[in-house]
Amino acid sequence: MAKRIDVKNLNAYYGTFRAVEDVTMTIEPRSVTALIGPSGCGKSTFIRTLNRMHEVIPGARVEGSVHLDDADIYAANVDPVGVRRTVGMVFQRPNPFPTMSIADNVVAGLRLNGLKNKTVLAEAVEASLRAANLWNEVKDRLNKPGAGLSGGQQQRLCIARAIAVEPQVLLMDEPCSALDPISTLAIEDLITELKSRYTIVIVTHNMQQAARVSDRTGFFNLVETGQPGRLIEMDDTHKIFSNPSIRATEDYISGRFG
Amino acid sequence: MTTIDLASDARPNAGRPDAPGPNLGLGLEHRSRGRAVRNQLARIVMWTAFAIAMVPLAWILWSVISKGGAMLLDSHWWTNSQRGITNRVVGGGAVHAIQGTLMQGLVTAVIAVPIGVMTAIYLVEYGRGRLATAVSFMVDILTGIPSIVAALFIYALWVTTFGFQRVAFAVVLALVLLMIPVVVRSTEEMLKLVPNELREGAFALGVPRWKTVVRVVLPTAFSGIITGVLLGLARVMGETAPLLILGPYTKNIATNLFGGLMPTLPTMINQDRTEVLQPAVDRVWGAAATLILLILILNLAGRLIAHFGRPKT
Ligand SMILES: Nc1ncnc2c1ncn2[C@@H]1O[C@H](COP(=O)(O)OP(=O)(O)OP(=O)(O)O)[C@@H](O)[C@H]1O
Ligand SMILES: [Mg+2]
């Protein structure tokens, strides 16, 4: 069920400001791709173009194409809502719905899209929470508010919520940046497990994390602030971290950036 | 005052050479004294302003309760109307007026709340460009309309143009005009408080925008919206101008919104306000105390819902 992502000549704008320029990349199914780069280089903007979340911001638009296998998600007859069911997303800050219980949070996507069958929902709650490595911690308090969990648990709840709708691609924008090292490890393990079923794209500022979890790494950079971000280099993760072919990449990952 | 300590030498390590003492030539001691004085001055000004603001409030409450409070203790007050009772006679109650006020308030809310909430949803969740600016501007104008103007507008429409009789429903229409902007503005504030991350979280699950609004945004803002509605309702229930123009007083219980007169607490107060005979004067104060009590209850209910209904984020 995982899908290949093919991005061609993608530009992303906020109004007249071009935040991402001319990105072309291929992301293989059942792999983890890490996107790294300095702050403001357009990683979040880029990852949000992969599930058409970019355009919910007023004035934001996208040029170029993104194909999931053979389907262009920016084709005129494609419903962005459908795209987002296929390409799930986890955000930097955990955002469980405050009015819903843990269980309701997990199946929020299913219920809000009309699924009513109680047994199916209950199964989805358990399966998704197990997949997100959260089941054992919350199985006795499924009806308690989701906001009552710790930050790391909330983030795993959000991952469970994202995989409950059975997407084919999972996008994660700095999913661990608000978490402690233990929770971070839990999520990294989870990413490695989920890789067998999903195509995963993760944005991170943490080089070790990129090196630990990803198969391929893309380095974004920008010439200076106010200029658009570009994809500088993309390659196998071990290659990027041991022997990058571009100087700027090497400078960035070795911390000699400036 | 912690600022004074800096200037004095009575600190435990004041003599130690390595202690960051006050006499480093930074002028700390002078500045802190000046600030202490200014701080004290500002405090006095604030307390005075507060006291001045409280005086009329306490005074009003005191006179209304001392003169009208006793009426509320009589159970007849809550069960009888003024039917067949003249200004010379003690007795009767205010149930006709209470009922009219509550009924008109309720119907006003039933009409104004959906319109106001949906307008606010449009403005916050959908509104872009010219139309949204225009709607927002209209709401601003509506907010500024004096109640007498709203009343005269409905009068011109209902009586002069359509030639209908003055009925309670015309009052309701005028109150609706006054309540809508209050509901729109308070609901808007509450919707803006809902973090954008929740909307994006729902969008990212493939939930359409309208469903995100109905199932995620509105429940999150619910208690705040209810609070705003109750506060708005409390405001229109004490409104008098529309009642004077469109809803004359009667002593009898009335339930028909579309025919005959419907008494309310403000018109009951107005009716006997020039009376000199004691029984009538007592009833005026009683009606005033009742109105304040009703509005107080609504306000308290609003605050309670705001306090207990807020979801934990
Ligand atoms: N909503 C927005 N409106 C206008 N400009 C925006 C918006 N969001 C981001 N930008 C701009 O787009 C550029 C790229 O931002 P983006 O958030 O994609 O960077 P990033 O690589 O994710 O940075 P970080 O690592 O700090 O998260 C920046 O110059 C930013 O100021
Ligand atoms: Mg970012």
Review point. Considering A:165, A:138, which residue is among the hydrophobic types (A, V, I, L, M, F, W, C) and either more than 12 Å from chain B (Cβ to nearest Cβ) or surrounded by fewer than 22 Cβ atoms within 10 Å (Cβ to Cβ) (or both)?
Key: A:138
Point to revise | Unique residue being of a type in the set (A, V, I, L, M, F, W, C) and either in the same structural domain as residue B:238 (by TED's automatic domain parsing) or under 30 Å from residue B:188 (Cα atoms) (or both) when the list is B:102, B:61 | key: B:102
Study note, to complete from the structure: Screening A:177, A:150 for residues that are surrounded by fewer than 16 Cβ atoms within 10 Å (Cβ to Cβ) and within 16 Å of ligand 2 (Cβ to nearest atom) leaves only A:177
**Study point:** Residue that is within 14 Å of another protein chain (Cβ to nearest Cβ), crowded, with 22+ Cβ neighbours inside 10 Å and over 18 Å from residue A:171 (Cβ atoms), where the choices are A:107, A:125, A:87
**Key:** A:107
Study note, to complete from the structure: When the range A:90-140 is checked residue by residue, the ones that are hydroxyl-bearing (Ser, Thr, Tyr) and out of contact with any Lys or Arg (no Cβ under 7 Å at 6 or more places or on another chain) are A:99, A:119, A:128
Check your understanding: Do you know which residues across the range A:20-78 are in a loop (DSSP other than H, G, I, E, B), within 9 Å of ligand 1 (Cβ to nearest atom) and within 14 Å of another protein chain (Cβ to nearest Cβ)?
Key -> A:57, A:58, A:59
Exercise for review: Assess whether residue A:151 counts as being more than 16 Å from residue A:193 (Cβ to Cβ) and within 11 Å of chain B (Cβ to nearest Cβ).
Suggested key: no
Review point. Which residue, of B:187, B:161, is among the hydroxyl-bearing types (Ser, Thr, Tyr), more than 30 Å from residue A:114 (Cα to Cα) and in the same structural domain as residue B:100 (by TED's automatic domain parsing)?
Key: B:161
Point to revise | Of all residues in the range A:90-100 being within 7 Å of another protein chain (Cβ to nearest Cβ) and of a type outside the set (Val, Ile, Thr), the one that is farthest from residue A:149 (Cα to Cα) | key: A:91
Point to revise | Pick from the range B:164-216, criterion among the hydrophobic types (A, V, I, L, M, F, W, C), outside any helix (DSSP H, G or I) and closer than 22 Å to residue B:103 by Cα, ranking: farthest from the other protein chains (Cβ to nearest Cβ) | key: B:164
Exercise for review: Please state which one of A:143, A:133 is in contact (Cβ under 8 Å) with a residue 24 or more places away in the chain, exposed (fewer than 14 other Cβ atoms within 10 Å of the Cβ) and away from every other protein chain (no Cβ under 14 Å).
Suggested key: A:143
Review point. Going through the range A:212-258 one residue at a time, which ones are in contact (Cβ under 8 Å) with a residue 60 or more places away in the chain, under 25 Å from residue A:192 (Cβ atoms) and not acidic (Asp, Glu)?
Key: A:213, A:214, A:216, A:217, A:218, A:219, A:220, A:231, A:234, A:237, A:252, A:253
Review point. Just checking, how many residues over the range A:43-87 are more than 20 Å from residue A:231 (Cβ to Cβ), of a type outside the set (Gly, Ala, Ser) and away from ligand 2 (no atom under 16 Å from the Cβ)?
Key: 13
**Study point:** Selected residue (criterion: surrounded by the fewest Cβ atoms within 10 Å (Cβ to Cβ)) from residues of the range B:270-313 that are among the basic types (Lys, Arg) and farther than 23 Å from residue B:103 by Cα
**Key:** B:312
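Rundown of residues vs (1) part of a helix (DSSP H, G or I); (2) more than 30 Å from residue A:16 (Cβ to Cβ); (3) of a type outside the set (D, E, K, R), yes/no style:
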| residue | (1), (2), (3) |
| --- | --- |
| A:188 | yes, yes, no |
| A:200 | no, yes, yes |
| A:218 | no, no, yes |
| A:225 | no, no, yes |
| A:230 | no, no, no |
| A:244 | no, yes, yes |
| A:249 | yes, no, yes |
**Study point:** One residue from A:125, A:201 being within 16 Å of ligand 1 (Cβ to nearest atom) and either hydrophobic (A, V, I, L, M, F, W, C) or over 16 Å from the mean Cα position of the chain (by Cα) (or both)
**Key:** A:201
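The values are calculated or read from the model by the stated rules, or taken from the named source; none is laboratory data. In this text the structure is predicted, and so the values were computed from the model without any measurement. Here Cβ is always computed from backbone atoms with ideal geometry, including for glycine, and neighbour counts include all displayed protein chains.
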